[in-house]
Structure formats: C-alpha cells, structure tokens
Amino acid sequence: MGTLSETILGAQAGSFSDKRIDKAFCHDGTGVQAKVIYDEMGAPGIANPKACYVIYDHIAPANTSQTADLHRELREFAIRSGMHFSDVGGGICHQYMAEGRVLPGEVVIGADSHSCTLGAFGAFATGVGASDMAGIWVSGETWLRVPESVAIHISGSLVKGVEYKDLALAYVTELGMDGATYQALEFLGDSVSSIPMEGRLTLSNMAVEAGAKTGLWYADTVTREYLARFGQSCTDQEVKPEATYSKEIHIGLDDIEPMLAVPHRVDTVKPVSALAGTRLDQVFIGTCTNGRYEDLSRAAAILDGKQVAVRTIVTPASRADYLKAEKSGVMGTLVEAGCVICPPGCGPCLGAHMGVLGEGEVGLSTANRNFKNRMGVGASYYLSSPSTAAASALTGEIADPREVV
Amino acid sequence: MTLLAGTGPAVCIGEDIDTDLVIAGRYLRTKDRSVWAEHAFEDLDPTLAPRLRGCVLVAGKNMGCGSSREQAVMALREAGVLAVIAPSFARIFYRNCINVGLPVLECHDLVCKDAEMITYDCTTGTVNAGGRSYTCGPLSSRMQEILSAGGLVEYWKGRLSR
Ligand code: SF4
C-alpha cells in the first residue's frame with residue numbers, strides 16, 4: 001500500500017474498486033459513440049455534468065458533412081446537458097485538460113488511450129472506451145483495478161539536441177509494447193525535479209505505448225508552479241518508502257541519443273544516426289505527445305532563417321499553445337521557413353485529414369504511435385522528437401539534430 | 001444477454017494486433033455496426049471477416065493494443081465472434097469487450113490451431129481445446145455481471161429500471 005496508484009485509489013494493487021470520477025472527458029470520436037450508448041441506456045440525465053468535458057480535436061474542423069452532422073448532434077447534447085464543451089480549435093483533449101483542469105490526487109478518466117498523459121500531474125488518469133464513458137455519464141463512477149507499478153528511475157541530464165521524447169522512446173523500447181500491461185508507471189529518481197511539465201506530459205503520454213494504465217509523477221514544485229499559472233494550487237505528494245514495484249528500470253539521461261521508432265512498431269527504436277539520409281516525403285510536428293509551445297519553439301530555433309526541403313506540417317496542440325507561439329514569434333519563424341500551420345487538434349495523427357500520407361510515402365512524425373496504415377494507407381512513418389523532425393525537414397532526409405543545434 | 005460459456009471453431013491471429021488492424025480508422029465515421037463487421041481485420045487479412053461468425057477468436061499476446069476505439073470490439077461482436085482468448089490483452093480493449101458483452105478470457109498456454117473446436121466458460125475461467133483443459137485468469141464478479149447482462153448498456157438499463 002505505498003505506490004501513488006494505491007494511495008490515490010485507496011486500495012491494494014490487484015483489488016477492484018468503484019471510484020467516483022473527478023474529471024471525465026471524451027472527444028468528437030469517442031463522444032459520438034458514447035452518446036449512442038448513453039441513449040441506449042435510457043438514463044434520466046448526466047449524474048455530474050460539471051465533472052464532464054467534451055473536447056473536439058480528432059476531426060476538427062469537420063472534413064465532411066457526415067462528420068459535421070455527428071459533431072452537431074454531440075455538440076448540442078453536451079451543451080444541453082451542462083457539460084463543459086470545447087469546440088473546434090480549442091485543442092487536443094489531453095492538452096486542453098492539462099491547462100489547469102486536472103489536479104494532483106484526482107481520478108481522471110478519458111475516453112481516449114492517451115489519457116495517461118494527465119498522470120503528469122499526480123492524478124490517476126487513464127483511458128477507457130465509449131461505453132465506460134457513457135456509464136460514467138450515467139453514474140459518475142466506474143470500476144477500476146488498482147494496478148501494480150513499474151518504477152522508472154531517471155538520473156543525469158540531457159545532452160543538447162536530445163529531448164524527453166527520446167527518453168520516452170527509450171523506455172518504451174526497454175519495456176516493450178506490452179511490458180507494463182495493466183500496470184502504472186512511476187517516474188522517480190534524482191532528475192525528476194528538473195524535468196519541466198511539458199517533458200513530463202510527453203513522458204506520461206507514451207505510457208500506454210508500453211501497455212501501461214497511466215504514467216505518474218509525484219506532484220512537486222514543478223507541478224505547483226505550472227498549475228499556479230492557471231490559478232490552481234495544490235500540495236506536494238510524497239514518495240512512500242514502503243512502495244513496492246513489480247519492475248524497476250534505470251535510465252541515465254546522459255546516455256540517451258536522438259531516437260526514431262521505425263515502421264510499424266513504437267517499441268522498435270533505432271538511433272537517428274543509424275538512419276540518417278533516409279528520404280522523407282513529409283514531416284509532421286504536433287500531437288498530444290509533442291505539439292506544445294516548447295516543442296514548436298525548439299523546432300523553430302532549428303528552422304530559424306532557413307527553408308524546409310520537404311513539406312512540413314505544424315499543428316499546435318491547443319489554442320493556448322498556438323497563441324503563445326504566435327505572440328513569441330515562433331509561429332512566424334515556422335511560416336517563414338515554409339511550414340504549413342494547421343488548426344489546433346490532432347491533425348493528420350490518426351490519418352483522417354490535413355496531412356494524410358499517400359501510398360508508398362515516407363513520413364516523420366512527432367506522434368506516439370506508428371501503426372501500419374494509421375497515418376495513410378500504404379505509407380510508412382518514423383517517430384521522433386521535434387528537434388529531429390526540424391533537422392530532418394531542413395534536408396528532406398532523416399538528420400541528427402545534434403549537428404544543427 | 002450474453003452466454004458466458006460456448007463452443008466454436010478457432011480462428012487464430014497473431015501477437016500485438018492493434019485496434020487499427022481490427023477496424024481501420026477510415027471506417028469509423030459511421031454508426032452502422034455492420035460496416036465495422038464487414039471490414040474487420042481488412043488490413044491484416046481480408047479473408048478473415050467472413051470466417052468470424054460463430055468462431056472463438058484466439059490471439060497472441062497484447063491483443064487489442066493501440067487506440068481505445070470501441071468499434072473494434074463492436075466489429076467483432078457484430079461479426080459473430082463468440083469469445084476472444086489471448087495470453088494478454090491491452091487493458092482498454094479488455095474493458096471494452098466486457099462492456100459490449102463479448103466474453104474474454106486470458107489464457108496463457110493455449111496453442112491455437114485454425115478450425116479446432118474450442119469450448120470456453122467465463123464463470124469457471126476454463127478453456128478446452130484439442131482434448132486439453134486450460135485455466136484462465138479470473139473475471140471479477142462485477143465483470144461477470146456486466147458481461148452476462150449483455151454489456152454495460154443492458155447492465156445500466158437493468159439497474160436504472162429497478
Ligand atoms: S494527437 Fe494523435 S495520439 Fe493524441 S489524441 Fe489526437 S489522435 Fe490520439
């Protein structure tokens with residue numbers, strides 16, 4: 001009884017517990033489905049609408065009138081029921097929730113697999129499907145199995161040109177695509193206090209790529225200072241000495257180099273240097289993994305005053321990230337370098353619109369998964385950090401960012 | 001209602017089958033479940049979909065990883081899959097199976113042979129195939145309740161009308 005999951009859920013690993021949900025969110029994809037199921041359940045209303053969020057990001061703005069019709073139905077329902085509603089352009093659900101809407105110690109459920117992202121705040125945040133979301137709308141609760149935990153001990157500091165995304169790819173490879181199935185990750189070690197919130201969000205985001213339920217950080221000064229920007233306050237969470245872990249891995253940041261997940265598995269990773277020179281048809285910088293202001297800003301620093309050699313799509317994770325990049329001049333730099341800017345949201349990540357790859361094309365993306373056909377039927381794509389993506393955009397070939405930073 | 005026990009011929013699929021492979025993203029923009037059933041596993045093996053009715057689907061480890069799309073399990077149920085058996089599941093896929101009333105069993109040593117008859121029982125957590133019996137991971141009583149009601153919709157309908 002000592003891991004953060006056990007503390008938040010108030011029960012021993014392995015047991016089942018019915019929990020009241022502090023925050024529940026879905027997007028235009030899972031929300032449409034959840035509403036169909038909710039209607040079938042025949043409930044008199046939403047149990048706790050103030051805890052529920054509907055956030056448009058997946059195919060937003062709508063690509064066809066069929067999508068627009070589905071959007072309209074869910075939009076009307078969300079507003080009528082008194083749920084929080086974020087329309088097209090507000091941002092990706094995980095980033096939108098990360099902007100002061102999730103606090104340490106909360107139980108947060110999202111109808112999207114990357115809901116583990118919000119574990120960065122020391123909240124028990126995990127993903128479910130549409131039926132579970134409908135069940136939460138009906139009851140305000142859900143059942144959870146309290147997970148065992150895997151400790152990831154981080155030491156040292158990153159070398160210039162290397163990012164937390166490279167660390168994320170490294171730990172997913174070390175654990176494997178199912179190395180932490182049913183379990184929670186806890187990020188621990190000497191270096192955690194120096195890892196900024198944007199890095200934590202990237203690292204928690206990829207927890208599900210190792211099968212994990214969530215990726216947890218103990219709330220500390222970084223959490224407090226970040227949340228204070230959104231007018232929120234919180235207290236620190238203590239690591240308990242009695243916590244036990246099913247597995248512990250140790251990663252030294254100094255040893256990490258720029259990495260690429262190669263098609264079509266997230267856990268098959270190679271150093272960028274081994275693939276340098278691979279020809280690319282498209283570079284995509286964005287997503288809930290790496291579409292934050294800091295990501296765009298690192299890419300802009302590399303592209304500043306230069307021209308991209310291949311089509312490069314930039315999609316900010318949220319309106320707030322977009323605005324910050326706009327005001328700081330980052331957006332201007334990216335546009336001048338020849339990038340095309342898409343509205344905040346998932347963009348081409350799920351292969352629906354705004355940058356889908358063609359058959360036989362090769363892409364480089366800062367996203368979190370590169371499953372076959374996901375970003376375009378018959379295409380293949382690599383996953384990397386924004387720095388690697390920007391360095392590669394300059395030559396149109398996979399390139400090592402350490403040579404340009 | 002879902003039957004928690006049954007028998008059917010095995011259809012074997014591989015390891016780490018992600019939900020994009022179960023139902024591709026390009027078919028998600030509809031509420032018509034028959035579309036998902038028709039295109040199930042299209043990118044993995046287009047000959048699979050017609051063989052799913054009445055089968056017991058046996059997958060390798062980490063079945064259903066990737067996106068949380070519930071359409072993946074709906075596709076399987078709609079296509080007539082009786083139950084899904086694998087050594088391990090991605091957890092959202094596992095939850096989704098229970099929520100749509102598709103029996104799901106975690107069984108470690110089962111060696112799948114296409115078309116071999118498989119008998120399963122979720123109440124006892126056992127699977128029989130090729131004259132051998134296997135013990136599976138248990139389902140909690142809440143899961144069994146939801147499953148036997150036929151999924152979360154029926155479960156809540158039942159509770160709300162009480
Ligand atoms: S950006 Fe990609 S991975 Fe993130 S929520 Fe959107 S579709 Fe999913």
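The values are calculated or read from the model by the stated rules, or taken from the named source; none is laboratory data. On a predicted model such as this, the values are computed, not experimentally measured, just so you know. All Cβ positions, glycine included, derive from the backbone under ideal geometry; neighbour counts span all protein chains shown. For the accessible areas, the whole protein counts, side chains as well, though only heavy atoms, and no ligand, DNA or RNA atoms are used. Shrake-Rupley method; radii C 1.70, N 1.55, O 1.52, S 1.80 Å.
Data for the structure
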{"read-out": "The range A:129-227 shape via C-alpha gyration tensor axes, a/c threshold 1.5", "value": "prolate"}
{"read-out": "Average accessible surface area per residue within the protein assembly as shown, 1.4 Å rolling probe, Å²", "value": "34"}
{"read-out": "Within a Gaussian network of chain A (alpha carbon springs, distance under 10 Å), most fluctuating of A:127, A:305, A:277", "value": "A:305"}
{"read-out": "Trypsin sites (Lys or Arg not before Pro), loop per DSSP, at most 13 other Cβ atoms within 10 Å - longest free stretch of chain A", "value": "A:230-405"}
{"read-out": "Long-range amide H partners of residue A:365 with built H, under 5 Å", "value": "A:284, A:382, A:383, A:384"}
{"read-out": "Long-range Cα-Cα pairs in the range A:198-334 (distance over 27 Å), rounded percent", "value": "36"}
{"read-out": "Most mobile listed residue (A:238, A:148, A:294) in chain A, GNM with C-alpha springs under 10 Å", "value": "A:238"}
{"read-out": "Net charge of Cβ neighbours under 14 Å - reference residue A:310; Lys, Arg +1; Asp, Glu -1", "value": "0"}
{"read-out": "Antiparallel content of DSSP bridges confined to the protein assembly as shown, in %, to 5", "value": "30"}
{"read-out": "Karplus (6.51, -1.76, 1.60) ³J(HN,Hα), θ = phi - 60°, over the range B:18-23, in Hz, Gly and Pro reported as x", "value": "8, 5, 5, 6, 5, 9"}
{"read-out": "Fraction of accessible area attributable to carbon and sulfur, the range A:302-374 (%, probe 1.4 Å)", "value": "52"}
{"read-out": "Global form of the range B:98-162, assessed from the alpha-carbon gyration tensor, a/c cut-off 1.5", "value": "prolate"}
{"read-out": "Over chain A, relative contact order from alpha-carbon pairs under 8 Å, at least 6 apart, %", "value": "18"}
{"read-out": "Convex hull per residue volume in Å³, alpha carbons only, for the range A:182-270", "value": "133"}
{"read-out": "FRET efficiency, residue B:27 to residue A:242 (Cβ-Cβ, R0 41 Å, nearest 0.05)", "value": "0.25"}
{"read-out": "Principal axes of the protein assembly as shown: Cα extent on each, largest first, Å", "value": "67, 50, 47"}
{"read-out": "The range A:77-146-the range A:340-378 distance, computed between alpha-carbon centres (Å)", "value": "24"}
{"read-out": "Percent of Cα-Cα distances greater than 27 Å, calculated over the range A:1-256", "value": "36"}
{"read-out": "Total accessible surface hidden between B and A, rounded to 100 Å², 1.4 Å probe", "value": "3700"}
{"read-out": "In Hz, Karplus ³J(HN,Hα) per residue of the range A:339-348 (6.51, -1.76, 1.60; θ = phi - 60°; x = Gly, Pro)", "value": "6, 9, 9, 9, x, x, x, 7, x, x"}
{"read-out": "HN-Hα J in Hz across the range A:154-165 - Karplus 6.51, -1.76, 1.60, θ = phi - 60°, x for Gly and Pro", "value": "10, 10, x, 9, 6, 7, 4, x, 9, 10, 4, 4"}
{"read-out": "Inter-centroid distance (Cα atoms) of the range B:65-88 relative to the range A:183-221, Å", "value": "29"}
{"read-out": "Ratio Rg/Rh, restricted to the range B:1-153 and using Cα atoms, in which Rh is the Kirkwood radius", "value": "0.93"}
{"read-out": "The range A:300-331 and the range B:113-140: distance between their alpha carbon centers, rounded to Å", "value": "54"}
{"read-out": "Residue A:12-residue A:254 pseudo-label distance in nm [points 7 Å out on the Cα-to-Cβ vector]", "value": "4.2"}
{"read-out": "Student exercise, the protein assembly as shown dipole from Lys, Arg, Asp, Glu Cβ charges, in Debye to nearest 20", "value": "1120"}
{"read-out": "Residues residue A:359 and residue A:68, FRET efficiency given R0 of 35 Å [Cβ-Cβ distance, rounded to 0.05]", "value": "0.80"}
{"read-out": "Overall form of the range A:273-405 per C-alpha gyration tensor (a/c, 1.5; a/b vs b/c)", "value": "oblate"}
